[in-house]
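Participant: Got a structure for you, questions after.
The values are calculated or read from the model by the stated rules, or taken from the named source; none is laboratory data. Since we're looking at a predicted model, the values are computed, not measured. Using ideal geometry, Cβ is built from the backbone for each residue, glycine included, and neighbour counts are taken over all protein chains shown. Keep in mind that these areas ignore ligands, DNA and RNA; they rest on the heavy atoms of the full protein, side chains included. Shrake-Rupley method; radii C 1.70, N 1.55, O 1.52, S 1.80 Å.
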Amino acid sequence: MSNVTRRDFLGITGIAAAGLGLAGCGGGGNDAKSDSSSGSDAASGDKVGAPDDLVKAAKDEGTLVVYGSCEEDYLAEACNHFQELYGIEVQYQRLSTGEVQAKIEEENGNPSGDVWFGGTTDPYNVATAEGLLEPYKANNATHILKPKYMDADGNWYGIYTGLLGIMYNKDELDRKGLDAPQDFKDLTDEKYKGLIWSSNYNTAGTAKLIINTAIQKYGHDDGIKWLVDLDKNIAVYTKSGSGPSKNIGTGECTIGLGFLHDGIYQIVDNGYENIGLQIPTSGTSCEVGATAIFKGAKHANAAKLWIEYALSPECVELAAQNGSYQFLVIDNAEQPQVAKDYGLDPDNVMDYDFEDAKEHTKEYVEEVMNALGGGDDRFKTE
């Protein structure tokens, strides 16, 4: 069950690493385009531009294991396309960023996966600080638009960015006679008690970004106080950051806190025209969705080739084709027009302190959990 109530989620302290099944991409495994000597020889693979020696070494390894924290449709298509381009068998699984973080922490340098794909960088930064990611100097990093979209030491590279914001069901608010919240601070108004869904601080990178955003906007103590006040109005914390958006159109969730591109997907792809989107009026933060190599990856060359692929139009333009409407952060890719049509602007954001997030996210999560009574038996799962 992916959703837990606010009383349940506070007791979650870890994720079991055992028993996680991997899906294999379709299309014939190593037989797919296996006669190509490089990505540039594969169908339109010239847009990847990976060095021939790297491609050969990756093909010799023959396998890649991907843990993806983007939405599953995009993950599956990206993995399948990589396999088609290079004839390398790809196994993948969709996990929240918090689940991946917990898994590689438990495996401690002997990972069962090779690369991490998608999901906001706050958990990536925790893994970086713990020495669990492998630095790599990617050729295609020259296409990244801004320094903030990559780790300075090459531990992770950004592939997309999306705005944190408020989504709501217009019909439900009208029925209840309530105005839509316009800013983060509005969400603590008692009139919204029991109407808000957010995501789990232990499992979702989105939730970690919410913590860092609150602390950076309001200061340490006032930021944590805002999160405690917000908690009084929250009905459900979902395992994944996109969870609230998936329940707004149906009316199960009236107000959701998450990434606005997830709301666009529900409107455009699922037809929920009753969903409203609100960029917080006092300013908001953005996620940087990333990709990285795990320290100790068994298929190190295939992992490096994945990074080059992930930083190319071959990969990132698949996002909008599969319902993921984030803005792209490389200069040679076509931006999704639909995000602009809904008034989103990736540059209209607060000056997010990535270094502070890298150094303190784990500490901040612990402080918030303690402030919410995380040690109380009432909040433990059965």
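Participant: With a 1.4 Å probe and every protein chain left in place, work out the accessible area per residue of the range 205-267 in Å², rounded to a whole number. Write out the running numbers ahead of the final one.
Facilitator: Working: 1590 Å² over 63 residues.
Ligands and nucleic acids excluded, the figure is 25 Å² per residue.
Participant: Need one word for the range 238-382: rounded, prolate or oblate. Basis is the Cα gyration tensor (sqrt eigenvalues a ≥ b ≥ c); a/c below 1.5 gives rounded, then a/b vs b/c decides.
Facilitator: oblate
Participant: What does the convex hull of the Cα atoms come to per residue for the chain, in Å³?
Facilitator: Values: hull volume 47.7 nm³, N = 382.
It comes to 125 Å³ per residue, whole-number rounded.
Participant: Let me check the size of the range 114-192 from its C-alpha atoms; what are the radius of gyration and Dmax in Å?
Facilitator: 19.2, 55
Participant: Still on this structure: If you line up the Cα atoms of the range 285-357 on their principal axes, what length do they span on each, largest first, in Å?
Facilitator: 43, 34, 20
Participant: Related question: Compute the distance from the alpha-carbon center of the range 58-99 to that of the range 306-323, in whole Å.
Facilitator: Each part reduced to its Cα centre gives a spacing of 12 Å.
Participant: Can you divide the C-alpha Rg of the range 97-237 by 2.2 N^0.38 Å and report the result to two decimal places?
Facilitator: Values: Rg = 18.2 Å, N = 141, 2.2 N^0.38 = 14.4 Å.
Normalised Cα radius of gyration, the range 97-237: 1.26.
Participant: Next question. Give me the three principal axis extents of the range 76-150 from the C-alpha atoms, as integers in angstrom, largest value leading.
Facilitator: So the three principal-axis extents are 33, 30, 19 Å.
Participant: Over the alpha-carbon set of the range 177-278, work out the extent along each principal axis and list the three values in angstrom, largest first.
Facilitator: 41, 31, 20
Participant: Would you mind getting the accessible area per residue of the range 270-365, heavy atoms of the protein chains only, 1.4 Å probe, in Å²? List each step's numbers first, then the result.
Facilitator: Details: 3640 Å² over 96 residues.
Using a 1.4 Å probe on heavy atoms only, each residue of the range 270-365 averages 38 Å².
Participant: Counting only protein heavy atoms and using a 1.4 Å probe, what share of the accessible area of the chain belongs to carbon plus sulfur, as a whole percent?
Facilitator: Carbon and sulfur together cover 43 percent of it.
Participant: In addition: For the range 234-287, just list the percent of Cα-Cα distances falling in each 5 Å bin from zero outward, please.
Facilitator: Spelled out bin by bin, the range 234-287 gives 4, 19, 33, 24, 16, 4 percent.
Participant: For Glu273, what is the net charge nearby, where nearby means another residue's Cβ is under 13 Å from its Cβ and Lys, Arg count +1, Asp, Glu -1? Numbers along the way, then the final one.
Facilitator: Values: positive: Lys170; negative: Asp171, Asp269.
Result for the local shell: -1.
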